[in-house]
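What follows is a short report on a single structure.
The values are calculated or read from the model by the stated rules, or taken from the named source; none is laboratory data. On a predicted model such as this, the values are computed, not experimentally measured, just so you know. Ideal geometry is used to build each Cβ from the backbone, glycine not excepted, and the neighbour counts take in all protein chains shown. In case anyone asks, the SASA skips ligands and DNA or RNA and just uses the protein heavy atoms, side chains included. Shrake-Rupley method; radii C 1.70, N 1.55, O 1.52, S 1.80 Å.
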Amino acid sequence: MKKFFTLKNMLICIGFAVLLLLVKDNFKDIWSWLGTFGDILMPFLIGFLIAYILNFPYKFFYSKVFGKVGTKRKYLLKIKKPLSVVCTYALVLAILVFLVAILVPQISENISSLVNSMPGYFEALMNNFDGFIDWVNLKFNLGLDKNNSLDELLSNMSSYFSVENLTNLFGNASSAISSIMDIVSNAYSGVYNFIMGVIISIYFLAAKDTLCRLVKRLAVAFIPIRYLPKIYEVVDITDTKCGRFLVGDIIDSALVGVMTFVIMSIFQLPYAALISVLIGITNIIPFFGPFIGAIPSAFILLLIDPWYMVLFIIIVVVIQQLDGNLFKPKIIGSQVGLSSFWVLFSVVVGGALFGLPGFILSTPIFAVIYSLVGKSVRNRINDKGKLAQEALDFEVLNYTKIAEEQKKLREQKDNQQFDKLKKMMGFDKNAGDDAGTSDNSSGGKSEKTDDTGKNQDK
C-alpha cells in the first residue's frame, strides 16, 4: 500500500482525472476532431485491410511458387519479394477482370429488363391479387370487394408517392440539391479512399517484414517485458481467427454465389446473374446475410411468377444447408469456435454499434474475446484444483462434501497462520525455556529428597 501512494502515482491519478474532465467538457469538439482524423487515416485503414487479406496469396507465392528462388543464386533473392507481390496483384486483377467481363453485361441486361418489365409485373401481381380475393370469397364466404381493396391499395400507394410526401421526404429544392451534393461528395470520397487504399496496400505488403519488425521494436522498447507474452498471445489469436475468418468468408461467399447462379441457370429462373451476385455479396454478413439477399430476390421472382419464388426459396435453403454443414466448416474450419447464439449476439450488437463493418467484423472480433475469456476461466478453474472440477460435474456434485472440504481447508490455513504467528512472536522459544526450568526444579527437588532419604537411613 505504501508503494501505491507515491508522488509519481498520485500525480498520474490527478492528471488522469483532469484529462477526463477536459474530455467531458469538450466531448463534441474531441469527437469531431477524431472524425476528421479518422477520415484522414481511412485510406491507410483500407490499404491495411486489403494488404492483410492479400497476405494469404502472397505467402503462397513467396513460400510455395518462388520458395526455391535464390537458394543457389543468392542475387535472385532480391527479386523474390517483388515477384510475389506482382503475382499476387496480377492474380486478383485477373479474377476481377474475369468477373466484370462475365457478370457486368448480364447484370446490366437483367436490370434493364427488370425496369422495363416492372409495369407488367405489377399488373400480373394485381391479377393474382384479384384471383386470391375470389378464392377467399369462394372458400370462406367473406364477401370481400376486390375492387375496393385494389382501389384502396392503389390510393395508398399514390398518396405515399404524392408531391407533398416527397417534399416532406426530400425537403425543398435547395436541401435536395444539398443532399445530392453530399451524396456525390461521399461517392467521390469513397472512390478516392479505395484507390489510395489499393496503392497503399502495395507498400504495406512489400514492406510487411520491415513494418512488423518496427512494431516489435516499439513494443519491446515501451511495454514492460512481463506484459509482452500476453500481448503476443492476443495478437496471435486475433491474426488466426480474424484472418482465417475474413479470407474464408470471402471464398465461401463466392462459392455460394456461383452455386446459386449455376442452379438457377439449370432451372431457367430469370435474373440469375443479378440475384446470384446479390446472394454472394450479402452472404459475407454472418447469420443475417442469406436473409438480406434472399428476401428482395424472392420478391422480384414473385412479381414474375409465384412458382419461381417457391423454387428459388427451396434452392436457397438447400444451398445454405450445404454451405453451413459442408463447405463453410471445410473452408473456415473451427477457428471461430462460436455457437449460433453467440454469432447472432455478436452480429446484432456489432451491427447496431458500427453498421456494415460491425456486421462483417463483429463475429471474428467477438471470437477473439470469447477465446481469451475462456482461456482465463479454464486457468482459474485449474488453479482451484480437484474441488472445482467436482463442482463442475453435476453428476457427482455433493454440496455437503464440498462444504466439509472447504471447512478443512480453512482450518488448515488458520492453523498455519497461527503457527506462523507464534514463531514470529517467539512463543515456541518461551515454551521451551519454561519446560527446561521445570525440569531443573524437579531434578533439584528429587535430589533433595534423595539426600533426605540417605539421612534417614543413617
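For segment 119-140, which residues satisfy the criterion of being touching a helix residue (DSSP H, G or I) at 6+ places or on another chain (Cβ under 8 Å) and open to solvent by 50 Å² or more (accessible area, probe 1.4 Å)?
122, 128, 129, 134
Can you find a residue that is more than 25 Å from residue 369 (Cβ to Cβ), touching a Phe, Trp or Tyr at 6+ places or on another chain (Cβ under 9 Å) and of a type in the set (Val, Ile, Thr) anywhere in segment 294-309?
So far as segment 294-309 goes, yes, one or more of its residues are more than 25 Å from residue 369 (Cβ to Cβ), touching a Phe, Trp or Tyr at 6+ places or on another chain (Cβ under 9 Å) and of a type in the set (Val, Ile, Thr).
Listed residues 20, 77, 41; which is at pLDDT below 85 and either within 30 Å of residue 199 (Cβ to Cβ) or in contact with a Gly (Cβ under 8 Å, 6 or more places away or on another chain) (or both)?
So the residue among 20, 77, 41 that is at pLDDT below 85 and either within 30 Å of residue 199 (Cβ to Cβ) or in contact with a Gly (Cβ under 8 Å, 6 or more places away or on another chain) (or both) is 77.
Kindly indicate which of 162, 189, 201, 149 is surrounded by 12 or more Cβ atoms within 10 Å (Cβ to Cβ) and modelled with pLDDT under 55.
Of the residues listed, the single one that is surrounded by 12 or more Cβ atoms within 10 Å (Cβ to Cβ) and modelled with pLDDT under 55 is 149.
Please verify whether segment 385-403 includes one or more residues that are loosely packed, with under 11 Cβ neighbours inside 10 Å and at pLDDT 75 or above.
No, every residue in segment 385-403 fails to be loosely packed, with under 11 Cβ neighbours inside 10 Å and at pLDDT 75 or above.
Do we have any residue at all in segment 83-98 that's within 30 Å of residue 304 (Cβ to Cβ) and either touching a residue at least 40 places away in the same chain (Cβ under 8 Å) or open to solvent by 70 Å² or more (accessible area, probe 1.4 Å) (or both)?
Yes: segment 83-98 contains one or more residues that are within 30 Å of residue 304 (Cβ to Cβ) and either touching a residue at least 40 places away in the same chain (Cβ under 8 Å) or open to solvent by 70 Å² or more (accessible area, probe 1.4 Å) (or both).
Of all residues being at pLDDT below 90 and hydroxyl-bearing (Ser, Thr, Tyr) in segment 235-264, which is nearest to the chain's Cα centre (by Cα)? Just the residue, please.
Within segment 235-264, the match that is nearest to the chain's Cα centre (by Cα) is 238.
Can you run down the residue pairs with Cβ atoms below 8 Å, 6 or more apart or on separate chains, where the first is in segment 110-139 and farther than 21 Å from residue 264 by Cα and the partner is of a type outside the set (Val, Ile, Thr) and not in a helix (DSSP H, G or I)?
As it stands, the answer is 133/144; 136/142; 136/144; 137/143; 137/144, since those pairs meet every condition given.
For residues in segment 57-74 being aromatic (Phe, Trp, Tyr) and open to solvent by less than 70 Å² (accessible area, probe 1.4 Å), which is modelled with the lowest pLDDT?
Ranking the qualifying residues of segment 57-74, first place goes to 66.
In segment 299-383, which helices (runs of 4 or more DSSP H) lie fully inside it and hold 3 or more residues that are open to solvent by 80 Å² or more (accessible area, probe 1.4 Å) and of a type outside the set (Lys, Arg)?
306-322, 340-354
So how many residues does segment 266-285 have that are over 18 Å from residue 347 (Cα atoms) and out of contact with any Gly (no Cβ under 9 Å at 6 or more places or on another chain)?
9
Pairs, please: C-beta under 7 Å, at least 6 apart or cross-chain, first residue under 22 Å from residue 328 (Cβ atoms) and in segment 287-303, second polar (S, T, N, Q)?
Partner pairs satisfying both residue conditions: 289/282; 289/283; 290/283; 290/320; 292/282; 293/282; 293/283.
Can you find a residue in segment 27-37 that is at positive phi and surrounded by 11 or more Cβ atoms within 10 Å (Cβ to Cβ)?
Checked segment 27-37: no residue is at positive phi and surrounded by 11 or more Cβ atoms within 10 Å (Cβ to Cβ).
Looking at segment 5-18, can you tell me whether even one residue there is within 30 Å of the chain's Cα centre (by Cα) and open to solvent by 70 Å² or more (accessible area, probe 1.4 Å)?
No, segment 5-18 contains no residue that is within 30 Å of the chain's Cα centre (by Cα) and open to solvent by 70 Å² or more (accessible area, probe 1.4 Å).
Is it true that some residue in segment 216-231 is basic (Lys, Arg) and open to solvent by less than 70 Å² (accessible area, probe 1.4 Å)?
no
Just to be sure, is residue 210 touching a residue at least 12 places away in the same chain (Cβ under 8 Å) and polar (S, T, N, Q)?
no
For residue 251, work out the one condition from (1) in contact with a helix residue (DSSP H, G or I) (Cβ under 6 Å, 6 or more places away or on another chain); (2) buried (at least 16 other Cβ atoms within 10 Å of the Cβ) it doesn't fulfil.
All conditions are met except number (2).
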